[in-house]
Amino acid sequence: MKDSLPTPFERTFFLTYTQPTVLDSVYTIGLGNNDLKTRSDSNGNRVKFWEAQAAKLYWFEKWHTALDWNPPFARWFVGGKTNASYNALDVTVQKTPNKKAIIWEGEDGKKRELTYQELLSEVSKLANALKSLGVQKGDRVTVYLPMIPELIVALLACARIGVIHTVIFSGFSAKSIKDRVEDSKSKIIITSDGGLRRGNIIKLKDVVDEAIQDLDFVENVIVLEHTKNPITLTKRDKKWHELVGTISSSCDAEILDSTHPLYILYTSGTTGKPKGVLHGTGGYLTHVYSTFQWIFDIKDSDVYFCTADIGWVTGHSYVVYGPLMHGATQIMYEGALDFPTPGRIWEMISRYKVTILYTTPTALRMFMKFGDDLPNSNDLSSLRLLGTVGEPINPQVWKWYFGIIGKGRCPIVDTWWQTETGGALISPVPGLETIPLKPGSATRPVPGVSLSVVDEHGKQVEPDSKGYLVVTNPWPGMLLTLWGDDEKYKTVYWSKYKNMYYPGDYAIQDKDGYIWMLGRADDVLKVAGHRLGTAELESAFVSNKAVAEAAVCGIPHDVKGEAIISFVVLKDGVIPTSQLKEELVNHIKKTIGPIAAPDQLHFVKKLPKTRSGKIMRRLLKAMAKNEQIGDISTLEDEASVNEIKTAFAELKQSLGKF
Ligand code: ATP
Ligand code: MG
């Protein structure tokens, strides 16, 4: 069958894709002094292994059952009592209260710093304020704030008193907020007068007012003064500063069950309507605590900078809970990373002597598009470790990140995970062991996690063959369920295969056990009997020096099954010509094989992306098939859709029909 044995062209591509740039020498830096020597130590008794990791957190009471696995529902450390806010704050305050927790910079150049002690005091005040408004354990509170320290304060204040936080990315519209607040039935919304983005003030409070005008169950809106633009206060609005003005700055952390829900977070919506992912406390914290240490090999002296917004899971796990549980110092930035100058991010790294940078392939492609002069003219010598998350990283982009940003010194941790998984499941773990890196592969599962690549029937495919990624054992960061919808939880993740979690991603595991993500399973193209992952095709485009970004999708084709339509964004300064089109088609033929030659190639200025920067291929697909484009509430910029619609219209005209 096609999927089990790569055809010659697939094989060729695969080889170029895995071109083993073996980086042993680089990768030996930063070996942690962890008690776990290699990943294989975790292969025996996984539950026991995770118990040993959980023991590193603070527990008011120890659990009696490490894992209650009632497929497909997993409950970790049952009987254990803990608190996320206590682990994130008090644990460090008791040791080093004056350690810097957050170094914040705003787009307009404003700066603030908070120590762990100061953060604890702000968190306790807001927790007391929430209690004074009648908020109780188990209630939901929606947080709609820009990337400012108060966003972290709000989350930890909720966690402190057992309230379930649900963050909505501050770029979302009134409609997106309404849907999510209705779904979670939040009693309280925490927002600010505004947030900064590209020199403009986004009027967050006005958006909230519009969103909740018909939602009577929302009792109060807490409004932080941040940008000082005028706002109108109604009866249910409370000013943050007035609420906390005279309140006590001490608040005991609620003693909570390990299985108590910590938060609801809606997924990016790349493949459909966002799902309300519900995470618990003890298991989630254990996963995040462990992976943060293994992946980032965190040290007391590190200055960590994760560019993800807390509106996404990366921000929850690796801005809020992971770094804080380790007493780390981190940079937090409000605004666009390329504003007011395209080199803003490199200036910040130099200014704060950042040692660890964690960002996304989409951001890297943008930085790369601006050229090498900007990073080259800033001092990036403090960096020691680089990370990426969110999408497959094109090998070409990986090499740029490694060479131009890391100057060939810094290992790259490509971390594969999802909102649902809570923390990384596939990643190099420099805090534990040395392995060669291969550009474009997230390497292997993290300790304690077992994965496989299987065919349609759930049978493991041969190494180097394409298939669907599955997780074969429950892991501590696993979602509890989808909020209020156990049935959907079962259908989405557990109905394709029995007792195996289905993430919906297409992948290859090579002979060395390395995993290569090939894109979303739903987006796989079937061209003349060959299955092609979107990431394979898009990476082939990006490997051409003229191309900054690319997106592909398939449209039905009488003979081939599917024809490949591609949208290409060129690098700054490159002129789109028909000659270049031809050159790119030839480039694809050469890199992958003649069969992968796109039937249509359109130059566009922007690709349709989610607010978290992921290409929304389902939109391309829907447009290609002339279908309704569905929920686009998480789309970044409608202009990109219009541009692609026009491209499709031209295509239709030229073909007469689809
Ligand atoms: P929705 O589930 O609503 O469609 P989403 O899947 O984009 O949205 P997230 O949970 O933010 O929401 O994204 C997880 C997905 O991102 C993964 O399933 C995978 O497709 C992709 N992804 C994340 N990290 C990586 C990575 N390192 N390499 C390849 N793909 C990645
Ligand atoms: Mg998803």
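The values are calculated or read from the model by the stated rules, or taken from the named source; none is laboratory data. Owing to the predicted nature of the structure, the values given are computational and were not obtained by experimental measurement. Methodologically, a virtual Cβ is constructed for each residue, glycine included, from the backbone with ideal geometry; neighbour enumeration extends over all protein chains shown.
Residue count for segment 218-236 satisfying the condition of being farther than 20 Å from PHE172 by Cβ, surrounded by fewer than 18 Cβ atoms within 10 Å (Cβ to Cβ) and not basic (Lys, Arg): 6.
Table: residues versus (1) modelled with pLDDT under 95; (2) in contact with a Lys or Arg (Cβ under 8 Å, 6 or more places away or on another chain).
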residue: GLY513; (1), (2): yes, yes
residue: MET517; (1), (2): no, no
residue: ASP523; (1), (2): yes, yes
residue: ALA528; (1), (2): yes, yes
residue: LEU537; (1), (2): yes, no
residue: SER543; (1), (2): yes, no
residue: VAL547; (1), (2): no, yes
residue: ALA550; (1), (2): no, no
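Quick check on my filter: what residues within segment 366-417 are among the small types (Gly, Ala, Ser), more than 16 Å from ligand 2 (Cβ to nearest atom) and touching a Lys or Arg at 6+ places or on another chain (Cβ under 9 Å)? If the condition is that a residue be among the small types (Gly, Ala, Ser), more than 16 Å from ligand 2 (Cβ to nearest atom) and touching a Lys or Arg at 6+ places or on another chain (Cβ under 9 Å), then GLY371, SER381, SER382, GLY406 are the ones that fit.
If I filter segment 58-65 for residues that are hydroxyl-bearing (Ser, Thr, Tyr), surrounded by 20 or more Cβ atoms within 10 Å (Cβ to Cβ) and more than 30 Å from TYR497 (Cβ to Cβ), do I get at least one hit? No; the residues of segment 58-65 include none that is hydroxyl-bearing (Ser, Thr, Tyr), surrounded by 20 or more Cβ atoms within 10 Å (Cβ to Cβ) and more than 30 Å from TYR497 (Cβ to Cβ).
Taking segment 418-435 as the region of interest, how many residues are hydrophobic (A, V, I, L, M, F, W, C) and either over 18 Å from the mean Cα position of the chain (by Cα) or away from ligand 2 (no atom under 16 Å from the Cβ) (or both)? Working first, answer last.
Taking segment 418-435 and keeping what is hydrophobic (A, V, I, L, M, F, W, C), we get 424-426, 429, 432, 435.
Narrowing the set further to residues that are either over 18 Å from the mean Cα position of the chain (by Cα) or away from ligand 2 (no atom under 16 Å from the Cβ) (or both) leaves 429, 432, 435.
The total comes to 3.
Please determine whether any residue of segment 521-539 is among the hydroxyl-bearing types (Ser, Thr, Tyr), in the same structural domain as HIS557 (by TED's automatic domain parsing) and either surrounded by fewer than 17 Cβ atoms within 10 Å (Cβ to Cβ) or touching a residue at least 40 places away in the same chain (Cβ under 8 Å) (or both).
Filtering segment 521-539 down to residues among the hydroxyl-bearing types (Ser, Thr, Tyr) leaves 534, 539.
Applying the additional criterion that residues be in the same structural domain as HIS557 (by TED's automatic domain parsing) yields 534, 539.
Still in the list and also either surrounded by fewer than 17 Cβ atoms within 10 Å (Cβ to Cβ) or touching a residue at least 40 places away in the same chain (Cβ under 8 Å) (or both): 534, 539.
Yes, the conditions are met somewhere in segment 521-539.
This table checks each residue for (1) touching a Lys or Arg at 6+ places or on another chain (Cβ under 9 Å); (2) part of a loop (DSSP other than H, G, I, E, B); (3) within 16 Å of ligand 2 (Cβ to nearest atom); (4) under 30 Å from LYS178 (Cα atoms).
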{"site": "PRO576", "(1), (2), (3), (4)": "no, yes, no, no"}
{"site": "GLU582", "(1), (2), (3), (4)": "no, no, no, no"}
{"site": "ASN586", "(1), (2), (3), (4)": "no, no, no, no"}
{"site": "LYS590", "(1), (2), (3), (4)": "no, no, no, no"}
{"site": "PRO598", "(1), (2), (3), (4)": "no, yes, no, no"}
{"site": "ASN626", "(1), (2), (3), (4)": "yes, yes, no, yes"}
{"site": "ALA639", "(1), (2), (3), (4)": "yes, no, no, yes"}
{"site": "LYS645", "(1), (2), (3), (4)": "no, no, no, yes"}
{"site": "PHE648", "(1), (2), (3), (4)": "no, no, no, no"}
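Answer yes or no: is there a residue in segment 381-389 that is closer than 25 Å to ASP523 by Cα and either within 16 Å of ligand 1 (Cβ to nearest atom) or outside any helix (DSSP H, G or I) (or both). Checked against the condition, which is being closer than 25 Å to ASP523 by Cα and either within 16 Å of ligand 1 (Cβ to nearest atom) or outside any helix (DSSP H, G or I) (or both), segment 381-389 yields at least one hit.
When ALA308 is tested against (1) modelled with pLDDT of 95 or more; (2) of a type in the set (A, V, I, L, M, F, W, C); (3) away from ligand 2 (no atom under 16 Å from the Cβ), just one condition goes unmet, and that condition is (3). Inspect all residues belonging to segment 472-488 and state whether any of them is charged (D, E, K, R), over 29 Å from HIS530 (Cβ atoms) and part of a loop (DSSP other than H, G, I, E, B). Yes, because at least one residue in segment 472-488 is charged (D, E, K, R), over 29 Å from HIS530 (Cβ atoms) and part of a loop (DSSP other than H, G, I, E, B).
The sole residue among ILE264, ILE247 that is in the same structural domain as SER121 (by TED's automatic domain parsing), of a type in the set (Val, Ile, Thr), more than 16 Å from ligand 1 (Cβ to nearest atom) and modelled with pLDDT of 95 or more is ILE247. Are any of the residues in segment 478-485 touching a His at 6+ places or on another chain (Cβ under 7 Å), of a type outside the set (Val, Ile, Thr) and either over 28 Å from ALA563 (Cα atoms) or within 16 Å of ligand 2 (Cβ to nearest atom) (or both)? Yes: one or more hits. The C-beta contact set for segment 424-442 (first residue near ligand 1 (Cβ under 10 Å from one of its atoms), second residue hydroxyl-bearing (Ser, Thr, Tyr) and modelled with pLDDT under 90, distance under 9 angstrom, 6+ apart or interchain) comprises GLY440/TYR17; GLY440/THR18; SER441/TYR17; SER441/THR18.
Looking across TYR493, TYR506, one residue alone is in a helix (DSSP H, G or I), modelled with pLDDT of 95 or more, within 16 Å of ligand 1 (Cβ to nearest atom) and on the phi < 0 side of the Ramachandran plot. It is TYR493.
Of the candidates ARG611, ARG617, the single residue that is of a type outside the set (Val, Ile, Thr), buried (at least 18 other Cβ atoms within 10 Å of the Cβ) and within 14 Å of LEU525 (Cβ to Cβ) is ARG617. Give me a count of the residues in segment 260-281 that are of a type in the set (Val, Ile, Thr), crowded, with 21+ Cβ neighbours inside 10 Å and in a loop (DSSP other than H, G, I, E, B). Qualifying residue count, segment 260-281: 3. Among the conditions (1) surrounded by fewer than 19 Cβ atoms within 10 Å (Cβ to Cβ); (2) on the phi > 0 side of the Ramachandran plot, the only one that PRO436 does not satisfy is (2).
If the condition is being at pLDDT below 95, β-branched (Val, Ile, Thr) and part of a loop (DSSP other than H, G, I, E, B), then segment 394-432 contributes only VAL429.
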